[in-house]
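Each remark here refers to the structure printed beneath this line.
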Amino acid sequence: MDPITWEEMKAIDINCSQLGLLPIQLMENAGSAVSKAISDRFSGGKVLFIAGRGNNGGDAFVAARHLCQLPHFQIDVVLLGNAASIRTEESKKNFLLLRYCDISSINEITYPGDERLSRSINNADIIVDGMLGTGAKGDIKEPEASAIELINSSGKFVISIDVPSGTMDTNSEAPKCVKADLTITFHKMKEELNKLPASHYTGELKVEGIGVCSHAERFTGIGNLRNLSIRTPDSHKGQAGRILIIGGGAYSGAPALAALAALRTGADIVTVAAPSNVASTIASFSPDLIVRCLSGQRLCSDDLPLITKLVCQHDVIVMGMGLGNEEGVERTVRKIIPLCKKLVLDADALLAVEGTKYTTSKIVITPHAKEFSRIRKVETASDMNKRIEEVITFSKENDLVTLLKGKVDIISDGRKVMLNRTGNAGMSVGGTGDVLAGITGALLAVNSPMKAATCAAFINGTAGDLAFKDKGYGLLATDVIERITDVMRK
């Protein structure tokens, strides 16, 4: 079973909620799993749960409620803070339930010198750390800092829920952390638990299932969007990405649609480099577009000096829409690719991927099934499982991210794979693929290639679904662009 990151787990939790598996249900399952792990390992004893005010504390409250039903265990609970300061409704509900359980004592500790904390620790046989989860970043504050010191000096058996408290402190090379004898994490092993500083503090690692819906992990959802890097309140022009669209010649609409989609997705500046015969037409689409005119009626090697300069001025290059498939165009595309650090290739630029491994660039390609067959010189499988394997293999061999468009989109970096089922048959209209390329480019400016491609597929498909409700089979690619912001606001 491949490990996942905390960020991926956060997305899975939110996707579960979107599917109908509520956070309070996951909290119940997590706390129950902790209780069972304790009862399986120990025949009885005094167990002290030290809980924080977030969801990590909520897991501890549930575990305490389950464990107190077993006659050989005596349960005490310490909340670091007061009940009014508990941050989530799920945790607050589970804390209030403890009043109706056979709990020996429930103490709310609001300052570090409270003797009830040290007395509870001294009286315990087992300490369960539910203070700080993965959402706790930065320096450890009181009363958590003092609680960590007391726990570590107690000599008692310590169990941490999900992660030893303090290990997510990124502000210190030597963070103040709980030194656990056992760490119980949920669903899958987390990559960060095997790395410093966490690996120094986890003790034995145990993974417990909590009933996660498989589709919440396999298919993109709102949770994946919530993990996107976005513009900060104090950001200035250019920080959210400068995107260069290289397209047009054979067609004028395709690069314009990609550019407008990139702007709607949040890119700060979008420039279109297009052949002379279509440059003025593209400029007429919107005053928001910056258009640079190339030398002739098709992209050619004479354009390389200007394009080289433009590439250096932009964060991401999106190339291929409406270029045409003339031999000279493909040769020029092959010369441009090594100049780029981040790149989205679509449509007529896809043939340049064939037979060449570009290790200097972070590349996302966005083919449909026929284009994928063309660049691989092998028919794309119709069976979904085989198609997934083909995408994984191709991405791994070529060191890029493939977003294979279809009724179900397949996205892979050669290691992990995600699926997207948003979208509808109305999106078979021309131009929606160009919109997808523009969205991908905007997201790639400030996100990893895999994250950008995964979320772009979801945004494009969901925007298309919203447009379809209004327009039906008469929807246009421009209708999809207009609904991008509605999806992003979610």
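The values are calculated or read from the model by the stated rules, or taken from the named source; none is laboratory data. Since the structure is predicted, the reported quantities are computational estimates derived from the model, not experimental observations. A quick note on method: Cβ atoms are made from the backbone with ideal geometry, for glycine too, and the neighbour counts reach across all protein chains shown.
Structural remarks
- Test: residue in the stretch 12-21 that is within 30 Å of Asn227 (Cβ to Cβ) and outside any helix (DSSP H, G or I): yes
- Any hit, the stretch 458-472, residues being surrounded by fewer than 16 Cβ atoms within 10 Å (Cβ to Cβ) and either small (Gly, Ala, Ser) or assigned by TED's automatic domain parsing to the domain that holds Ala11 (or both): yes
- Scanning the stretch 104-124 for any residue that is without any contact (Cβ under 8 Å) to a residue 40 or more places away in the chain, among the charged types (D, E, K, R) and closer than 26 Å to Met168 by Cβ turns up at least one such residue.
- Subset tally (residues that are crowded, with 19+ Cβ neighbours inside 10 Å and farther than 23 Å from Asp59 by Cα) for the stretch 200-223: 3
- Within the stretch 466-490, the set of residues being assigned to a helix (DSSP H, G or I) and under 22 Å from the mean Cα position of the chain (by Cα) comprises Arg483, Ile484, Thr485, Asp486, Val487, Met488.
- Scope the stretch 295-329; condition closer than 17 Å to Ile363 by Cα and either charged (D, E, K, R) or assigned to a strand (DSSP E or B) (or both); matching residues: Asp315, Val316, Ile317, Val318, Met319
- Hits in the stretch 274-294 (condition: in contact with a Gly (Cβ under 8 Å, 6 or more places away or on another chain) and not in a loop (DSSP other than H, G, I, E, B)): Ala274, Ser276, Asn277, Val278, Ala279, Ile282
- Filtering the stretch 178-199 to residues that are under 17 Å from Met131 (Cα atoms), surrounded by 18 or more Cβ atoms within 10 Å (Cβ to Cβ) and out of contact with any Leu (no Cβ under 9 Å at 6 or more places or on another chain) leaves Ala180, Ala198.
- Residues of the stretch 257-287 satisfying the condition of being farther than 21 Å from Leu476 by Cα and of a type in the set (S, T, N, Q): Thr271, Ser276, Asn277, Ser280
One line per residue, one yes/no per condition, for (1) assigned by TED's automatic domain parsing to the domain that holds Gly241; (2) polar (S, T, N, Q); (3) touching a Ser or Thr at 6+ places or on another chain (Cβ under 7 Å):
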| site | (1), (2), (3) |
| --- | --- |
| Leu323 | yes, no, no |
| Glu327 | yes, no, no |
| Thr332 | yes, yes, yes |
| Ser373 | yes, yes, yes |
| Arg387 | yes, no, yes |
| Lys396 | yes, no, no |
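- Number of the condition not met by Ser395 [criteria: (1) surrounded by 20 or more Cβ atoms within 10 Å (Cβ to Cβ); (2) touching a residue at least 60 places away in the same chain (Cβ under 8 Å); (3) part of a helix (DSSP H, G or I)]: (2)
- Yes/no for Leu299 being touching a residue at least 40 places away in the same chain (Cβ under 8 Å), aliphatic (A, V, I, L, M) and either in the same structural domain as Glu371 (by TED's automatic domain parsing) or on the phi > 0 side of the Ramachandran plot (or both): yes
- Among residues of the stretch 302-326, those that are more than 28 Å from the chain's Cα centre (by Cα) and under 12 Å from Thr271 (Cα atoms), counted: 2
- The number of residues in the stretch 196-210 being in a strand (DSSP E or B) and closer than 18 Å to Met9 by Cα comes to 4.
- Of the residues Ile14, Ile50, the single one that is farther than 28 Å from Ala145 by Cβ, touching a residue at least 60 places away in the same chain (Cβ under 8 Å) and of a type in the set (A, V, I, L, M, F, W, C) is Ile14.
- From Ala64, Ala83, Ala60, residue being within 23 Å of Pro112 (Cβ to Cβ) and surrounded by fewer than 16 Cβ atoms within 10 Å (Cβ to Cβ): Ala83
- Filter pass, Lys405 being basic (Lys, Arg), touching a Ser or Thr at 6+ places or on another chain (Cβ under 8 Å) and closer than 21 Å to His215 by Cβ: yes
- Residue in the stretch 304-319 that is surrounded by fewer than 16 Cβ atoms within 10 Å (Cβ to Cβ) and touching a residue at least 60 places away in the same chain (Cβ under 8 Å) present: yes
- Filtered residue count, the stretch 46-68, keeping only those that are of a type in the set (Val, Ile, Thr) and assigned to a helix (DSSP H, G or I): 1
- In the stretch 95-120, the residue that is modelled with the lowest pLDDT out of those that are crowded, with 18+ Cβ neighbours inside 10 Å and touching a Lys or Arg at 6+ places or on another chain (Cβ under 7 Å) is Ile109.
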